[in-house]
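Undergrad: Here it is, the structure, as structure tokens.
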Amino acid sequence: MGWSYPNSQRDRMSGRNWQRSKNDLDIEAELEAGRRYGLNQRRKFMWGLILPAFLTLIFFEILPVASAFWTSIHRARLFDKSRIFVGLDNYLHLLKDPHFFGTVLPNTFLFTFIGLTLETALGVVIALLLNRKFKGETLVRVLLLFPLMVAPSISGILFSWLFNTQFGIVDVFLEAIGFYRVPWLAGRWTAMSVIVISDVWLWTPWFAILLLAALQVQPLEPVEAARIDGANASQVFFNITLPYLSPVLTICMLIRTFDLFRQFDQTWVITTGGPARSTEFFSIYAYKEFFEYTRYDLGNAASLLGAVVMMIFGIIMYRTFARITMSEREKA
Amino acid sequence: MAERGQLPLRGWKKGLWGFAIFLVCFFFAFPVFWLILTSLRPETEVFYVHAGTSFTLKNFVGAFNSHQFVRSMVNSAILATLATTCSLLVTVQSGYMLGRFRGTFRNTWFGFIYIVRTIPYITWGMPLYFITQWMRIYDTYLGLLFPHMAVHIAFFSLVMKGFFENISLASEEAARIDGCSNWGVFWKIAIPQVLPGIGAISLICWLWTWNELLFAMLLTSGRTTLLTLTIVQFVQEIGIQWNLMSAAAVIALIPAIIITIFGQKYVMRGLRV
Amino acid sequence: MKKLWFIVLILFCLAVWAGPAGAKVKIRVVYQPFTIHNQQVKWMQEWAKKNPDVEIEPVPLAYELYYPKVSTAIQSPKCEYDIVWHNDDWGMAWIDFMEPVDDVENFKRIPRHLWDVFWADKKHPRASAVPFIGTSAGMFYRKDLITTPPKTWKDVEAVSLKLMKEGKVKFGYVGGVKYPHAYFTLLAWMWANQGDILAPPFERDKEVLAKNGWKPFVTDVTMIEALEFWWDQIHKTKTVPADFVGYTRTAAMAIFQAGDCAMFGEDALKYGDVNDPAKSKVAGKVAFTSFPSGPHGKGPLSWDVPWGWGIPKNIPEENKKAAKRVIGYVISDEVQLDMWKTTGGIPVTTDLREQLSKTDPLFREFAVATYKAPVLVMSAGYYPEWPQVHSIWNDYCIKALMGDKKDIKKVMAQCEEELKKVFKK
């Protein structure tokens, strides 16, 4: 009762060939036709296509990153304009800073991991629950869309209001059922829970909707075959549905990992990194260093460290999941 | 209930399923409902929203009258529309290049976009604080437009690539044989076929810019006020006026609601990877 | 498609197009949108109506963003703001970039102590900002529940417990605790116990502090006692809400306005907000007094510090002249009287203060509680590193309050180490 890619496909997935699509031969024909117009013209066309995007990215993403790097290897404070070269001093300062290493980075990684797990799991569960025809289907889908319309900063305000110890509905409810009022935003882990909940609320529907869209075009023959062989629901799920969903799931997880790691809006609004800087993530830390303490060099160094971690992670993920992210058409 | 590859539910399983669906709906809809309820309570009653019985629309009037609220809304709307239009004009071409070509040049561009996409906003946003001042576009539409475009490009080039890979080459081939230039094929043949996808992407772009906070914090300082920042300032500055803040947040939601409900079909259809 | 490009081009041009320059002098005023400032800016605009050669453009900026944004602006070769709000805290950090303003009209009527500590030093003997309102702070209390205002910490705790037992209120004293709102709890308590962040306590002269090596004073018994008091209130007697350490001043005010607590520490000018029937359930039941004294204290405490308007150096001469005219107007009697009546801020000119003390009983009550209090402190540090020092100190205090009572001394020792690093260039 296993299901996996047929042999012919697996051959095509190895090495760089995975990039080829069903339209491979057509593309070859196109390139051939392109050659009729000359290589130069093709090159010019490609450049023409990407030039505006290229320029925007160069001036507004690469240039700032280079500037950040330059600032981070000099002394750059608000009232100290000396700009002396200090090498990697700022980075060493960060790595030796017990707060950065012991609180900020663990917070960020923990938040990313927990958020990702919850959002993925809930997204899959909800997609499965909704993968049926039933009355009121549209209403449920519309309700599921609500979080997608809300700005992250507004959802942060919303949840800090809901979890307000004096006036928020959650603590009023907890008190009503005999529990005590939890001082949510006064402790590290309780405040972190509020941030996680607000993020899960915000992004699970995104997962759910994309997975649902994929489920609704799932080819049903393998499922029928498995059923006839006597498989039960969970066996069908783990051996057929889950592998089928893995391309979409992996892309979604990848996108969310990047976004969770660099999260700023909700945390800023709910706790501004407090109490006593215990819920700081690396983006909040970088922002505070840059704007509140006006230590531009440290702020840039912190943000660059985070960027490097993300870039390395991105490259690893790209290599590992390149095969799985191959688009759907390419399977049988 | 018909299945889609799933066994029909009977008895207690059906009840459990129904309860699960109810929980899901409750969890995702309740906070927004609570926000709307809070915005309808007068100021003294906002401390005990659940217990109060009076409703008022004064909060919405108060929100509209508060300093720079309308101006922020207009600014955000203009910026979102500008950013979406310009981004699309640029991203579609980039996606086409990724979808139609192969080879080292294209792969380099792909890798470039992929890496750029992993860079956290704070890393390239903070230096922009100084760079936009140097370029004299700090705290203007242009100063905000380009960073938002950069984000849109990085995000949606890859999605556009998927769209272009899905449409057939035959029509393009035919047009080329008829003597159509490369650009002609692009504009007249390829783009019309991916319009639903472009529609979906434009909605998401618009909403992203409308809802964005970090660049608003970094790159404005009072001249080009944006809505998200204005609302956040409500809570941190002028007393905790939760009633006004909720009203402001509800007002900010309205364009998003309109766009989402209107466009949800396109989004679902267009995002099929 | 070509039409689309055209439309985009037009939109671009519209977006880039700046307003045409006029014959008027445009004065951009940047400030935090607080009631006091809003009222001042309103008066500036009134003045501009009577003086059509000047145009006032208000630029409100959130408090959290204010300091770094304006600090950067005043250092650029052409500052984009012509009048900046000067908190007493930032005087020393900005002193090199501000224009001397003691030639402004009405300036001579302002008492010296309201500007020379914050906005002048040996290198810059002329005032670098003009005080436009006196702010002071103290304790609001429910006069229907408390007959004699508490004068010591013990009184506060006793009356809180009594009222809570009688079920009349849920909590005793609330105030802001989170950075930078701790003036009315942690800082006020520390000062009321003759403690301070740097040694010697209450010293504000940079030279003396530098000679003393910028030595922190946070492990002294005065600081520890203050922290232990609050620790007890949070964990033992529970006279403050459980999430006390996360409170902003506005969250605390919401609790007082809802009628859930008996005492509330804040700026005196919040009187309008807590006494407004449209906003507060305790309107009409509010009185005001100084902060209570601690075991080592010398009496109830308050302060008399100004907020000011400053003029950056890097703006055109005509802007500077126009700005000075405007500022001269907003410290005149007409405006200052209105400020007291509408916002509760304390006028800055000596003769006006005396006059109001004689004629207005409410002002007398506030005067006795604030600038005539037995012990007066300068409510911040007036050296460039103050914002950082304040933030670090606040973080460690909250950490101490969240941990065990016996660890408070250890945490403040860590704070001392951290503060020493700030001054070690």
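The values are calculated or read from the model by the stated rules, or taken from the named source; none is laboratory data. As the structure is a prediction and not an experimental result, all values here were calculated from the model. As a convention, Cβ positions derive from the backbone with ideal geometry for all residues, glycine included, and neighbour counts pool all protein chains shown. All accessible areas refer to the heavy atoms of the entire protein, side chains included, with ligands and DNA or RNA removed. Shrake-Rupley method; radii C 1.70, N 1.55, O 1.52, S 1.80 Å.
Undergrad: Report, for the protein assembly as shown, the % of DSSP beta bridges that are antiparallel, rounded to 5.
TA: Percent antiparallel among DSSP bridges in the protein assembly as shown is about 60.
Undergrad: Please report the orientation-averaged projected area of segment A:90-331, defined via the convex hull of its C-alpha atoms, in nm². Present the calculation step by step, with values, prior to reporting the outcome.
TA: Values: hull surface 67.4 nm².
So the Cα hull casts an average projection of 16.8 nm².
Undergrad: Right, something else. Which whole-number value in Å² is the accessible area per residue of chain B, probe 1.4 Å?
TA: Value returned for chain B: 37 Å² of accessible area per residue.
Undergrad: Still on this structure, please answer the following. With a 1.4 Å probe and all protein chains kept in place, how much accessible area does C:Leu161 have, in Å² rounded to the nearest 10?
TA: Here the residue's solvent-accessible area equals roughly 70 Å².
Undergrad: At a Förster radius of 60 Å, what calculated FRET efficiency corresponds to the Cβ-Cβ distance of B:Phe55 and C:Ala210, to the nearest 0.05?
TA: For R0 = 60 Å, the calculated efficiency reads 0.50.
Undergrad: Can you list residues from other chains, or at least 5 along the same chain, whose modelled amide H is less than 5 Å from the amide H of C:Val286?
TA: C:Lys143
Undergrad: Computing the accessible area with a 1.4 Å probe over protein heavy atoms, can you report the carbon and sulfur percentage for chain C?
TA: 58
Undergrad: For segment B:90-147, take the convex hull of the Cα atoms, compute a quarter of its surface area, and give me that in nm², please.
TA: Details: hull surface 19.4 nm².
Averaging across all directions leaves 4.8 nm² for the Cα convex hull.
Undergrad: Packing-wise, with mean Cβ within 10 Å as the measure, how do C:314-325, C:202-213 rank, highest first?
TA: C:314-325, C:202-213
Undergrad: Work from the charge dipole of segment B:67-270 (Cβ charges, +1 for Lys and Arg, -1 for Asp and Glu, about the Cα centre) and give the residue of B:Ala190, B:Thr132, B:Leu244 farthest towards its positive end.
TA: Checked the options; the winner is B:Ala190.
Undergrad: Could you report the accessible area of A:Lys81 in Å², rounded to 10, computed with a 1.4 Å probe on the protein chains as they sit in the structure?
TA: 130
Undergrad: If you put +1 on each Lys and Arg Cβ and -1 on each Asp and Glu Cβ, how big is the dipole of the protein assembly as shown around its Cα centre, in Debye rounded to 20?
TA: For this selection, approximately 1840 debye.
Undergrad: Could I ask something else about it? Could you tell me what percent of the accessible area of segment B:67-270 is made up of carbon and sulfur, with a 1.4 Å probe and every protein chain present?
TA: Numbers: 4270 of 6070 Å².
C and S fraction of accessible area: 70 percent.
Undergrad: Hey, can you grab everything whose amide H is under 5 Å from the amide H of C:Gly172? Only 5+ residues off in sequence or another chain; H modelled, so Pro and N-termini drop out.
TA: The answer is C:Val240, C:Ala262.
Undergrad: Another question, if that's okay. Got a sec? What order do B:Arg136, C:Arg142 fall in by accessible area at 1.4 Å, biggest, i.e. largest, first?
TA: On the way: B:Arg136 190, C:Arg142 20 Å².
Greatest to least solvent exposure: B:Arg136, C:Arg142.
Undergrad: Let me spell out the model: positive unit charges on the Cβ of Lys and Arg, negative unit charges on the Cβ of Asp and Glu, origin at the Cα centre of segment C:280-425. What dipole size does that give, in debye rounded to 20?
TA: Charge dipole, segment C:280-425, about its Cα centre: 400 debye, nearest 20.
Undergrad: Hey, got a sec? Which chymotrypsin sites (Phe, Trp or Tyr not before Pro) in segment A:69-124 land in a DSSP loop and have at most 14 other Cβ atoms within 10 Å?
TA: A:Phe79
Undergrad: Could I ask something else about it? Could you provide, to the nearest whole Å², the per residue accessible area of segment A:90-331 with probe 1.4 Å?
TA: On a per-residue basis, segment A:90-331 sits at 35 Å².
Undergrad: Compute, for segment C:148-294, the length of the dipole vector about the Cα centre, with Cβ point charges of +1 (Lys, Arg) and -1 (Asp, Glu) only. Units Debye, rounded to 20.
TA: Magnitude of the dipole: close to 400 debye.
Undergrad: Right, something else. Cross-link partners among lysines for C:Lys78, C-alpha distance below 24 Å, same-chain residues fewer than 8 apart left out?
TA: A:Lys81, C:Lys24, C:Lys26, C:Lys69, C:Lys123, C:Lys313, C:Lys320, C:Lys321, C:Lys324
Undergrad: Counting only other chains, what is the mean number of Cβ atoms within 10 angstrom of the Cβ of each residue in peptide B:221-228?
TA: 5
Undergrad: Next question. Regarding segment C:140-276, what is the average projected area of its C-alpha convex hull, in nm²? Intermediate values should be presented prior to the final figure.
TA: Numbers: hull surface 35.4 nm².
It is 8.8 nm².
Undergrad: Principal axes first, then extents: for the Cα atoms of segment B:67-270, list largest minus smallest coordinate on each axis, whole Å, largest first.
TA: 68, 39, 25
Undergrad: With every protein chain present, what accessible area does B:Val70 have (1.4 Å probe, heavy atoms only), rounded to the nearest 10 Å²?
TA: 70
Undergrad: Taking the DSSP beta bridges in chain C as the whole, what percent of them are antiparallel, to the nearest 5? Please report the intermediate quantities before stating the final value.
TA: Numbers: 21 of 37 bridges.
If I count the DSSP bridges inside chain C, around 55 percent turn out antiparallel.
Undergrad: While we're on this one: Scanning chain B for helices, which whole DSSP H stretches are 20 Å or more long along the axis (Cα) and average -0.5 or more by Kyte-Doolittle?
TA: Details: long enough: B:12-39 (40 Å, 1.57); B:69-100 (45 Å, 0.96); B:104-118 (21 Å, 0.29); B:141-166 (35 Å, 1.07); B:191-211 (29 Å, 1.08); B:242-270 (38 Å, 1.28).
Correct list, ordered by number: B:12-39, B:69-100, B:104-118, B:141-166, B:191-211, B:242-270.
Undergrad: What accessible area, summed over both chains, is buried at the B-A interface (1.4 Å probe, Å², nearest 100)?
TA: Buried surface at the B/A interface: approximately 10300 Å².
Undergrad: Which value in deg cm²/dmol, rounded to the nearest 500, describes the helix-derived mean residue ellipticity at 222 nm for the protein assembly as shown, given -39,500 (n - 2.57) per DSSP H run of n ≥ 4 and division by the residue count? Kindly include the intermediate steps, with their values, before the conclusion.
TA: Values: 44 runs with 589 residues, N = 1030.
Only helices count here, giving -18500 deg cm²/dmol.
Undergrad: While we're on this one: Please report Rg (one decimal) and Dmax (integer) in Å for the Cα set of the protein assembly as shown.
TA: 31.1, 99
Undergrad: What's the Kirkwood radius of segment B:175-265 in Å, using all Cα pairs?
TA: 16.4
Undergrad: So for the protein assembly as shown, taking the charge dipole from beta-carbon charges (+1 Lys/Arg, -1 Asp/Glu), which of C:Gly134, B:Thr104, C:Met339 sits furthest toward the positive end?
TA: After comparing all options, I get B:Thr104.
Undergrad: In peptide A:281-289, what is the residue-averaged number of other protein chain Cβ atoms found within 10 Å of each Cβ?
TA: Mean inter-chain Cβ contacts per residue within 10 Å come to 3.
Undergrad: Going highest first, how would you order A:159-166, B:102-109, C:38-45, A:114-121 by mean Cβ packing within 10 Å?
TA: Working: A:159-166: 23.2, B:102-109: 13.9, C:38-45: 19.8, A:114-121: 18.2.
Top to bottom by mean Cβ count within 10 Å: A:159-166, C:38-45, A:114-121, B:102-109.
Undergrad: Here's another thing I want to ask about it. Enumerate the lysines that C:Lys406 could reach by cross-link, defined here as Cα to Cα under 17 Å, with residues fewer than 8 away along the same chain left out.
TA: Leaving aside lysines fewer than 8 places away in the same chain, those within reach of C:Lys406 are C:Lys236.
Undergrad: Of A:Lys133/B:Lys188; C:Lys162/C:Lys215; A:Lys96/C:Lys178, which sit over 31 Å apart, Cα to Cα? Mind dumping the intermediate values first?
TA: Details: A:Lys133/B:Lys188 39 Å; C:Lys162/C:Lys215 41 Å; A:Lys96/C:Lys178 27 Å.
With Cα atoms farther than 31 Å apart: A:Lys133/B:Lys188; C:Lys162/C:Lys215.
Undergrad: While we're looking at this one, here's another question. What's the angle, to the nearest 10 degrees (0 to 90), between helix C:63-75's Cα axis and the longest principal axis of chain C?
TA: That works out to roughly 40 degrees.
Undergrad: What list of ³J(HN,Hα) values in whole Hz, one per residue of segment A:242-254 in order, does the Karplus curve 6.51 cos²θ - 1.76 cosθ + 1.60 (θ = phi - 60°) give from phi, with Gly and Pro shown as x?
TA: Calculated HN-Hα couplings, in order: 4, x, 5, 7, 4, x, 4, 4, 5, 4, 4, 4, 4 Hz.
Undergrad: Among the residues of segment A:40-61, which ones have their accessible area go down by 50 Å² or more when all the protein chains sit together, as opposed to their chain alone (1.4 Å probe)?
TA: A:Phe45, A:Met46, A:Leu49, A:Ile50, A:Ala53, A:Thr56, A:Leu57, A:Phe60, A:Glu61
Undergrad: Against the globular-protein guess of 2.2 N^0.38 Å, express the Cα radius of gyration of segment C:20-178 as a ratio, rounded to two decimals.
TA: Relative to the rule-of-thumb radius for its length, segment C:20-178 sits at 1.41.
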